[in-house]
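Here is the structure we will look at.
The values are calculated or read from the model by the stated rules, or taken from the named source; none is laboratory data. None of the values given here were measured: they were computed from a predicted structure. Quick reminder, even Gly has a Cβ in these numbers, built from the backbone with ideal geometry, and neighbours come from all protein chains shown. Ligands, DNA and RNA are stripped out before the accessible areas are found, and what is left, the full protein with its side chains, is counted by its heavy atoms. Shrake-Rupley method; radii C 1.70, N 1.55, O 1.52, S 1.80 Å.
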Amino acid sequence: MRTLHVNLGKNSYDIVFERGLLSDVGKYVKREGRRLAVVTDDNVAKLYADGVVSSLEKAGYRVSLIVLPHGEKTKSFNTLPQIYAKLLQQKITRKDALVALGGGVIGDLTGFVAATYLRGIDFIQIPTSLLAQVDSSIGGKVAVDLTEGKNLVGAFWQPEQVLIDVNALSSLSEEFFTDGMAEVIKYGCIKDKNLFKTLADCGGKKGLLPVIDDVIYRCCDIKREVVEKDEKDKGERMLLNFGHTYGHALEKFYDFEKLSHGMAVSVGMYAITKIAEEKGLTAKGAADEIARVAVMYGLPVEDSAPASEVVKGVVNDKKNLGDKLVAVLLKEIGESYLYPTTAEFFK
Ligand code: GLY
């Protein structure tokens, strides 16, 4: 078992890494006797709900289960009333807690419910996708989508624990694994050239699997460090958005149908680095390196959508309301910085 401690004063918590913990979750959760409402989706429920619920019950918790349809549509503001109603039926009080068992959609949604139900209750993250394990389960950004766009209503609400079982990745489809790899590559790009080199040397998923535990741990450690410096996303934490500004606009351009988040971020990382190189803001060769590694892991780096149309979405992104935006650029692979500019940057 390995642990990372996220030091955020009274909102501090541990990230626990242990293969197999999903079948023994009760051992890791604290404060027995309280009620726990496990929130998951229908795909994850088939695999893990029975094991998680019975392990928690054996450890002395009173457990209820809420199973939602899988997919981004579930992360809608409109899903909230039915979850609040179920929690009320299940008599979940402020002394109790929610357990988010699933990928980013379940983690973000459950976290938002935890932040708002009865003015806020505790929640535990048990991320089962690569993207959720390296990124969305850590740092307390919780949100739901509006019809106008993703994550437009949310909060900073830190979990009381993050429990990571890397074995869960073996049940992940290729598509979801690839999706998460964009965030893994992102960490190498923004903070750690050795991590980036490891990803390049592994040559793809097959080569990566023998070292995946260390890679996930390293990504979480980078995220921990960034979040500790800037919990509320006013400076350093924005570095985690490398590739995301253009990526989000591209996802939206296709109405979230054609490209996954990771695919769009991969295109975004390459696009912004290519432009920054041309402007002399990034060391030459970085964009090609990103492309080489992204392609190894099955990610695209180019898309046929006209940049002039995609950029219209950049100005509507929640981080760039108004015409100003803070671009995340690489000095070189492994070192990133913030560059205040406007959407003109992409034209
Ligand atoms: N996923 C970006 C962040 O947590 O800030």
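Comparison of VAL144, VAL184 shows that the only residue that is assigned to a helix (DSSP H, G or I) and under 25 Å from LYS258 (Cβ atoms) is VAL184. One residue alone among LEU109, LEU101, LEU87, LEU131 is in contact with a helix residue (DSSP H, G or I) (Cβ under 7 Å, 6 or more places away or on another chain), in a strand (DSSP E or B) and at pLDDT 95 or above, and that residue is LEU101.
Test LEU240 against the criterion of being out of contact with any Pro (no Cβ under 7 Å at 6 or more places or on another chain), closer than 28 Å to ASN167 by Cα, touching a residue at least 60 places away in the same chain (Cβ under 8 Å) and assigned to a helix (DSSP H, G or I), and give yes or no. For LEU240, the condition - out of contact with any Pro (no Cβ under 7 Å at 6 or more places or on another chain), closer than 28 Å to ASN167 by Cα, touching a residue at least 60 places away in the same chain (Cβ under 8 Å) and assigned to a helix (DSSP H, G or I) - is met. If you go through the stretch 144-153 and pick out every residue that is within 17 Å of GLN125 (Cβ to Cβ) and either of a type in the set (Lys, Arg) or crowded, with 19+ Cβ neighbours inside 10 Å (or both), you end up with 1. Only one of the numbered conditions (1) hydrophobic (A, V, I, L, M, F, W, C); (2) modelled with pLDDT under 95; (3) more than 16 Å from the ligand (Cβ to nearest atom) is violated by VAL326, and that is (3). Exactly one residue among ILE126, ILE106 is within 22 Å of ILE216 (Cα to Cα) and within 16 Å of the ligand (Cβ to nearest atom), and that residue is ILE106.
In this structure, does VAL311 turn out to be in a helix (DSSP H, G or I) and over 21 Å from ILE190 (Cα atoms)?
Values: in a helix (DSSP H, G or I): yes; over 21 Å from ILE190 (Cα atoms): yes.
Yes, satisfied.
Taking the stretch 133-189 as the range and being over 16 Å from LEU109 (Cβ atoms), free of Cβ contacts under 8 Å to residues at least 60 places away in the same chain and within 12 Å of the ligand (Cβ to nearest atom) as the test, only TYR187 passes. The residues of the stretch 20-58 that are over 16 Å from GLN161 (Cβ atoms), of a type in the set (Ser, Thr, Tyr) and in a helix (DSSP H, G or I), listed by number, are SER23, TYR48, SER54. Scanning the stretch 190-230 for residues being outside any helix (DSSP H, G or I), in contact (Cβ under 8 Å) with a residue 24 or more places away in the chain and open to solvent by less than 40 Å² (accessible area, probe 1.4 Å) gives a total of 2.
Is it the case, given these coordinates, that ASP179 is within 28 Å of GLY298 (Cβ to Cβ) and open to solvent by 10 Å² or more (accessible area, probe 1.4 Å)?
Details: within 28 Å of GLY298 (Cβ to Cβ): yes; open to solvent by 10 Å² or more (accessible area, probe 1.4 Å): yes.
So ASP179 passes the test.
Taken over the stretch 234-262, residues that are touching a helix residue (DSSP H, G or I) at 6+ places or on another chain (Cβ under 7 Å) and away from the ligand (no atom under 13 Å from the Cβ) amount to 9.
Suppose the filter is touching a strand residue (DSSP E or B) at 6+ places or on another chain (Cβ under 6 Å), among the hydrophobic types (A, V, I, L, M, F, W, C) and over 27 Å from THR341 (Cβ atoms); does CYS202 pass it? Step through it out loud before you land on a result.
On the way: touching a strand residue (DSSP E or B) at 6+ places or on another chain (Cβ under 6 Å): no; among the hydrophobic types (A, V, I, L, M, F, W, C): yes; over 27 Å from THR341 (Cβ atoms): yes.
Criteria not met by CYS202.
Considering ALA264, ALA249, the condition of being crowded, with 24+ Cβ neighbours inside 10 Å, over 14 Å from ALA182 (Cα atoms) and aliphatic (A, V, I, L, M) is satisfied by ALA249 alone.
One residue stands out in the stretch 217-233 among those that are away from the ligand (no atom under 12 Å from the Cβ) and in contact with a strand residue (DSSP E or B) (Cβ under 7 Å, 6 or more places away or on another chain): the one that is farthest from ASP135 (Cα to Cα), namely GLU228.
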